[in-house]
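A short write-up of the structure that comes next.
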């Protein structure tokens with residue numbers, strides 16, 4: 001939303017995520033190279049039926065490691081429920097057998113997670129490379145404790161797992177869309193809000209894994225990922241809009257996440273963008289109601305170029321709130337609801353018909369839309385987990401699952 005007349009500046013079954021490349025177990029060199037290229041992308045189909053069944057026998061896995069989540073990294077005074085924890089590892093044992101590791105399946109399917117009691121947890125793989133053992137997945141933890149360590153287990157190495165175990169159940173019902181932007185523009189939730197792009201390029205330097213480059217030179221070049229309108233992203237009385245951003249060049253009115261399509265802003269609804277009038281290092285966040293009235297505010301800090309920031313804009317019927325890296329950096333009393341329009345959602349610019357009009361110049365990663373105002377505790381915990389996963393949890397020593405089972409059977 002570039003400010004126009006009447007709004008004055010304030011002075012103070014989804015398709016698979018990649019084409020599965022088949023190659024022989026012995027593998028010619030060409031096949032191995034092709035496989036490595038594929039596995040740097042995403043895995044399979046996130047709503048696979050086998051993932052929905054969750055009918056895995058943990059006794060069929062060879063190995064297990066416990067993951068201990070540090071309660072001091074979980075913010076707030078109450079436990080966080082159904083929280084999507086990012087597990088990011090690069091280990092020799094997570095390589096496939098072809099590359100000397102312990103995973104039986106070359107797609108990385110034979111990795112699952114459970115709670116302390118052995119109940120299987122939803123997980124969604126964002127990235128797996130069998131040649132390096134790089135493995136990034138989101139795991140739905142039923143209860144993330146604020147006053148004691150939370151333990152989950154990772155099981156791996158099973159020849160009985162031959163289909164995709166990754167699923168969209170990681171994301172609770174309040175998520176309207178999640179876009180990892182890792183080699184694709186697909187919605188990771190069950191809503192299917194897949195995007196299409198103009199002029200973006202893949203970056204290997206995302207905050208989480210890969211991300212997208214948005215090339216913005218005002219009135220010359222712009223990039224956009226556009227998502228068609230859907231009821232799951234039509235937010236009203238409350239909402240959360242968030243992303244990781246890395247700005248290369250600050251530009252007036254550059255759009256980050258913008259629900260609206262028309263050049264005259266007649267169908268905009270909610271937005272995160274940069275301010276204009278020479279003050280373009282500040283974020284502006286807000287919404288517009290059914291009468292066309294705006295409620296918006298500017299951030300209290302200037303961002304810096306070439307640094308990663310987690311930006312989260314929340315609202316309910318009491319206030320608008322901006323969080324930067326988990327901290328409160330701007331708020332305003334609010335009584336408005338975001339209006340329902342037929343406009344789609346734009347990532348990387350304001351107007352998708354002409355991305356160069358108000359373009360963002362930089363990298364965007366991990367965009368999420370929720371229909372509730374996420375708490376500061378939730379947002380700050382996300383920041384801690386995603387910014388520095390190695391300090392968010394520790395990995396215990398490897399255990400041999402089948403040996404434990406055999407010993408238990410003998411004792412019985």
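The values are calculated or read from the model by the stated rules, or taken from the named source; none is laboratory data. A quick note: this is a predicted structure, and the numbers were derived from the prediction, not measured. Glycine also receives a Cβ, built like all others from the backbone with ideal geometry; neighbour counts cover every protein chain displayed.
The single residue among 192, 206 that is part of a loop (DSSP other than H, G, I, E, B) and within 23 Å of residue 308 (Cβ to Cβ) turns out to be 206. Considering each residue of the stretch 273-283 in turn, none proves to be touching a helix residue (DSSP H, G or I) at 6+ places or on another chain (Cβ under 8 Å) and either modelled with pLDDT under 95 or closer than 30 Å to residue 75 by Cα (or both). Considering the stretch 67-90, the residues that are surrounded by fewer than 17 Cβ atoms within 10 Å (Cβ to Cβ) and assigned to a strand (DSSP E or B) include one that is nearest to the chain's Cα centre (by Cα), namely 82. Where strands (runs of 3 or more DSSP E) sit wholly within the stretch 113-177, those with at least 1 residues that are surrounded by fewer than 21 Cβ atoms within 10 Å (Cβ to Cβ) and at pLDDT 95 or above occupy 134-144, 150-156. Only one of the listed residues (230, 193) is under 24 Å from residue 167 (Cα atoms) and out of contact with any strand residue (DSSP E or B) (no Cβ under 6 Å at 6 or more places or on another chain). That residue is 230.
Any idea which residue in the stretch 361-390 is surrounded by the fewest Cβ atoms within 10 Å (Cβ to Cβ), counting only those that are on the phi < 0 side of the Ramachandran plot and part of a strand (DSSP E or B)?
361
Six or more apart or on different chains, Cβ under 7 Å: which pairs go from a residue in the stretch 104-125 that's at positive phi to one that's surrounded by fewer than 22 Cβ atoms within 10 Å (Cβ to Cβ)? Could you list them? Going by the 7 Å Cβ cut-off, the qualifying pairs are 118/58. Every condition in (1) surrounded by fewer than 19 Cβ atoms within 10 Å (Cβ to Cβ); (2) in a loop (DSSP other than H, G, I, E, B); (3) modelled with pLDDT of 95 or more is met by residue 93 except one, and the failing one is (2).
Here residue 205 meets each of (1) within 18 Å of the chain's Cα centre (by Cα); (2) at pLDDT 95 or above; (3) surrounded by fewer than 19 Cβ atoms within 10 Å (Cβ to Cβ) with one exception, condition (2).
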